[in-house]
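Worksheet: the structure to be examined is printed underneath.
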Amino acid sequence: MINGRVFVTRELAPQVIQRLRNEFSEVDVWEPFGPPTPTELAERTAGCLALLTMVSDRVDAALLDSAPTLQVVANMAVGYNNVDIAAAAERGVIITNTPNVLEETTADMAFALMLAVARRVVESDADTRAGNWGLWHPGLFLGNDVHGATLGIVGLGTIGSAVARRARGFDMRIKYTARNRQPETEAPVGAEFVPSLQDMLGQCDFVSLHVPLTDATRDLIGAQEFGLMKPTAYLINTSRGDVVNTDALLAALQDGAIAGAGIDVTAPEPIPPDHPLLQQPNLVITPHLGSATHATRGRMAMLAAENAIAACSGGLAPNAVIG
Ligand code: GLV
């Protein structure tokens with residue numbers, strides 16, 4: 001039994017909470033649906049050995065300083081841009097993530113957005129529900145084909161290559177750009193390496209983003225990049241909102257620089273309800289649901305719990321990103 005408290009910032013599946021209760025002498029779970037404020041997070045983390053966080057919880061130097069007993073932050077996500085890694089390293093706090101359990105599910109979501117925006121699924125669903133079916137017309141809600149189109153993948157990591165595997169089934173031509181060429185990953189999915197993002201953009205009908213958010217990828221897609229895309233092309237973003245410049249995206253959708261976008265992430269996140277992006281008919285938007293299936297969220301929560309337990313038991317946390 002670990003003699004100490006873990007604070008879990010959202011209610012998770014009962015078996016995950018039970019697993020934590022079996023190991024930690026105290027388990028504190030945040031019950032409201034919404035996240036704790038930074039002050040509430042600091043109050044509840046003070047005195048804890050472990051903290052189990054979501055992508056929407058900010059873990060910064062101030063939070064870490066308010067909890068000097070903290071040994072581990074187990075983030076329930078593969079991305080950890082919500083955590084100040086350098087501040088954690090300075091304080092000897094272990095940070096863990098949840099890789100290898102959500103990539104296929106997130107790739108499904110990228111494909112869902114691609115199909116939905118190109119075939120105008122959401123727009124035509126809303127129109128039909130509004131009672132506007134009326135008479136069928138051959139020019140009604142025309143979209144663009146996904147099958148046979150050219151897909152440009154930005155970042156051929158585990159999620160990017162899972163998207164590429166799906167694209168093969170749609171007979172798509174697959175290109176990718178990344179910091180380094182990845183011959184072993186590109187060969188099985190038949191993806192062609194394009195060293196420059198700028199060069200790739202003009203060659204694609206769909207551009208799908210699969211990079212982590214870092215200083216190098218913030219605002220990777222801005223006005224200049226939208227200017228290079230085909231006016232018939234679509235941007236798909238299931239990575240992080242800040243990889244795309246929001247003002248440039250809005251302008252591109254309004255001016256027809258691109259045909260549309262499917263985004264699961266925004267900057268800021270959550271997007272304010274009166275944001276002009278929400279008025280764009282050529283945008284399909286979902287509230288950060290990339291890994292949101294019963295099975296995958298269950299696996300992520302259990303993996304985060306196992307990481308917290310391992311780190312506090314003196315063992316090696318299986319998914320330490322620093323340590
Ligand atoms: C979700 O966004 C994740 O990083 O897992």
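Name the residues in segment 261-289 that are away from the ligand (no atom under 16 Å from the Cβ) and in contact with a Gly (Cβ under 9 Å, 6 or more places away or on another chain), would you?
Scanning segment 261-289 gives Q280, P281, N282, L283, V284.
Checking the conditions here, which among P138, P99 is closer than 30 Å to E192 by Cβ and either open to solvent by 10 Å² or more (accessible area, probe 1.4 Å) or assigned to a strand (DSSP E or B) (or both)?
Result: P99 is the single residue among P138, P99 that is closer than 30 Å to E192 by Cβ and either open to solvent by 10 Å² or more (accessible area, probe 1.4 Å) or assigned to a strand (DSSP E or B) (or both).
Assess whether L64 counts as being more than 11 Å from the ligand (Cβ to nearest atom), within 27 Å of A167 (Cα to Cα) and either more than 18 Å from the chain's Cα centre (by Cα) or not assigned by TED's automatic domain parsing to the domain that holds G298 (or both).
In short, no.
Look through segment 81-92, keep the residues that are in contact with a strand residue (DSSP E or B) (Cβ under 7 Å, 6 or more places away or on another chain) and surrounded by fewer than 23 Cβ atoms within 10 Å (Cβ to Cβ), and return whichever of them is nearest to S161 (Cα to Cα).
N82
Can you find even one residue in segment 273-281 that is touching a Lys or Arg at 6+ places or on another chain (Cβ under 8 Å) and open to solvent by 50 Å² or more (accessible area, probe 1.4 Å)?
no
Against the definition (more than 16 Å from the ligand (Cβ to nearest atom), open to solvent by 20 Å² or more (accessible area, probe 1.4 Å) and among the hydrophobic types (A, V, I, L, M, F, W, C)), how does A46 come out, yes or no?
Taking the combined requirement at face value, the residue satisfies it.
Considering A74, A61, which residue is small (G, A, S) and crowded, with 19+ Cβ neighbours inside 10 Å?
Matching residue, one of A74, A61: A74.
The values are calculated or read from the model by the stated rules, or taken from the named source; none is laboratory data. From a predicted model like this one, the values you see are computed outputs, not experimental measurements. Cβ coordinates were reconstructed from backbone atoms using ideal geometry, including for glycine residues, and neighbour counts include every protein chain displayed. Surface accessibility is based on the protein's heavy atoms, side chains included, excluding ligands, DNA and RNA. Shrake-Rupley method; radii C 1.70, N 1.55, O 1.52, S 1.80 Å.
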